[in-house]
Each structure stands twice: as C-alpha cells, then as structure tokens.
1. Quick check on my filter: what residues within region 29-48 are modelled with pLDDT under 95 and surrounded by fewer than 21 Cβ atoms within 10 Å (Cβ to Cβ)?
2. Among the strands (runs of 3 or more DSSP E) confined wholly to region 216-303, which include 3 or more residues that are modelled with pLDDT of 95 or more, more than 30 Å from I118 (Cβ to Cβ) and outside the structural domain of A116 (by TED's automatic domain parsing)?
3. Looking at G117, G212, can you tell me which residue is buried (at least 18 other Cβ atoms within 10 Å of the Cβ) and touching a Pro at 6+ places or on another chain (Cβ under 8 Å)?
4. Could you please tell me which pairs satisfy a Cβ distance under 8 Å, a separation of 6+ or placement on different chains, a first residue in region 46-70 that is of a type in the set (D, E), and a second residue that is crowded, with 17+ Cβ neighbours inside 10 Å?
5. Going through region 16-25 one residue at a time, which ones are more than 18 Å from the chain's Cα centre (by Cα) and surrounded by 24 or more Cβ atoms within 10 Å (Cβ to Cβ)?
6. So, V178, is that one β-branched (V, I, T), in contact with a His (Cβ under 6 Å, 6 or more places away or on another chain) and in the same structural domain as E241 (by TED's automatic domain parsing) or not?
7. Considering only region 304-336, state which residues are of a type outside the set (V, I, T), crowded, with 18+ Cβ neighbours inside 10 Å and part of a loop (DSSP other than H, G, I, E, B).
8. Filter region 11-36 down to the residues that are touching a helix residue (DSSP H, G or I) at 6+ places or on another chain (Cβ under 7 Å) and aliphatic (A, V, I, L, M), then identify the one that is nearest to A330 (Cα to Cα).
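The values are calculated or read from the model by the stated rules, or taken from the named source; none is laboratory data. Quantities reported herein were computed from a predicted structural model and do not represent experimental measurements. Please note: Cβ atoms are built from the backbone with ideal geometry, for glycine as well, and neighbour counts cover all protein chains shown.
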Amino acid sequence: MVSPLPLALTLGEPAGIGPDISLLAWRRREPGEGVFLVIGNRECLARRARLMGLEVPLAAIAEPGEAAAVFDEALPVLDMPLKVQPVPGSLDPAAAPGVVGAIEAAVALALEGTVAGIVTNPIHKDALYRTGFAHQGHTDFLAHLARQAGYDACPVMMLSAGSFRTVPLTVHIPLKDVAGAISEDLILRQARVVARDLSGLVGGPVRMAVAGLNPHAGENGALGTEERDIIAPAIARLKGEGLDVTGPLSADTLFHDEVRGLFDVYLCMYHDQALIPVKTIGFHEGVNTTLGLPFVRTSPDHGTALALAGSGNANPSSLLAALKLARQLAAARAER
C-alpha cells in the first residue's frame, strides 16, 4: 500500500547531479506510485531544467500536505534559500548552509510525521567540511539529528539492488584495520537492527547470512581465527534470541545465483565485501538505506558526479529505485 504522505527528497549538492536526477525522477513518475516533494532551492531547479531543456513545472508549497494536489502537474518544492546559485560542476562552499538546511528540514518533517520518509541526494563532504561541518557524512549527521531530537539511533548501512541486500559491518576504514574493528558486540547490534527493520519488508523473520572475514571463512582457524573467536559466538547468541542467522560462510561462494534465494540479507565484514556484489548485480539501480533510524531514509548509491551536472547524461535509475524502496519501507513501518 502506498502511503498517503509524500516522501521528502533533499536536493543534495546543488552543483552536482542532484537537481538533474530530481527533475528526471518527476518526469519518469508512474501514476499511483506515490508522491514526493523536493526540499531545496527552487531557482536552482528551474535553472537546471532550462539548461537541460526539460519541461518541468515547479510548484512552490508551504508544507508537505500540499504536495499531493499538485504532483500530477508539477514537481512540488519546499523552497530553501541558497547564498549563491551553483555553476554545474563547480563546488562553492557558500552553498553548504543550504545543503545542510535541507537535510535538517527533511528530518524535522519525518520526525513530526508529515512525510513518509526521506530520500537524500548525494552531498559533497569536502565542500561541507570547508564550512565547519563536523560529521563524517550523511548517515552520521542523520543519526545526530535524531538523537538531538530525543530519539534512539543505531545507524546501519544497507546496500541493495532489487531484493539483493548487503550490510557492511565496518564501512570507511582501511582494510588493515578491519580485523581489529570487528567485535561480537558490533555484530550483535547490527544484526538486531537488520532483523527488526527488515521484517516488515520481507514479510516475516529475516533470513540473514553472515560472511566470514578470512578466505574459506578461516578454515577452522588455519587461515584466521576471527570466525572461531568472534563471528561464530555472535551467531550462536543471535540464534539463541530466535533470529534466523547462518554462518560464518565463505564469501567467495556466498553471492552466486543458487545461494541468493536462500537469504534476505548478507552481513559482510567490510566495505568492498558488501559493495562489490551489489554494484555488480545492479550498478545503476543500487540503493543505500540507513536502518536503525526513527524514520525511513534511502539514497541513490552514487556520488555527486560533478562532471555530469547539467549535461543531461545523468542516470536517475538509482534515485528512482531509492524512492521506490523508501515507499516500501514506509509502508512496512506503518504496519508494524
């Protein structure tokens, strides 16, 4: 069931392809698939539409409840100020307050329940860092905003391509540091969040596979002891809690066609172990979802693509997939 509430789509880095794919997503909308609104600068969107030769009417709205009435005829926009209009492909730190403000506004709307969830276009962290942005990235900032509002937040990154889903236990750390970062507690916390937040989407208990860290999942300690000493004990505890968890399994045979139908999600030990299969299976349809937040959040699984901004060559498929998944997650959450 499609939520009657709209999704809030943040514009992201205005010099990147966020404006482009937001416009293209509205043009490729399908009847009855749900409404979304853009939180960002209306003039930026208008200029980008003209540059790309797109006919996209823009409707300024004052609050999310107005979006549904105009969506069939125009893209609803909650207008946010920008100190400078961006040159496509050229970063300007003066735009940073507008980027951050759009995220803050989206979270506030989600927490007050006037939007079904948020979908975030890519931000350029370096541009934000230059203006004093103190967070590692989008996910960290979203969790901070949730906690600041008095909510619990245990953010867990999930990557997906259609029904294929992976969760990297560790994310943006050097490969040499992965083994030291893995702990039984980390596996328990992330697996519990995944089992809770995905149950509605998959329609029952979540079937979770846990990858090993070492070749052949350690081969009983011959190729590494992390599986024996950390991963297997965590899996045993999760099974004792009633979760459907299998592993540790050798990562080199974990993602082929015959195995994929056995599991709903794969908990992987490090960044590339999780992202390579997703991007191989669905490079243009990949979605980044943050589980463990008090609201739905998805994002296209790509960056700002500054070189493509305004060219008309940006592919909106990942954003369309992110919008679709956000609707599904919002519907599942509403039924919880």
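1. Within region 29-48, the first condition is being modelled with pLDDT under 95, and the residues that meet it are 29-34.
Passing the criteria: R29, E30, P31, G32, E33.
2. Numbers: elements: 244-249, 265-268, 287-291, 297-300.
Qualifying strands (runs of 3 or more DSSP E): 244-249.
3. On the way: G117 fails: touching a Pro at 6+ places or on another chain (Cβ under 8 Å).
Only one candidate passes the filter, namely G212.
4. Between residues of region 46-70 that are of a type in the set (D, E) and residues that are crowded, with 17+ Cβ neighbours inside 10 Å, the close pairs are E55/A49; E63/L78; E66/P76.
5. Taking region 16-25 first, the residues more than 18 Å from the chain's Cα centre (by Cα) are 20, 23-24.
Passing the criteria: only D20.
6. no
7. A305, A309, G310, A314, N315, P316
8. Filtering region 11-36 for residues that are touching a helix residue (DSSP H, G or I) at 6+ places or on another chain (Cβ under 7 Å) and aliphatic (A, V, I, L, M), the one nearest to A330 (Cα to Cα) comes out as V35.
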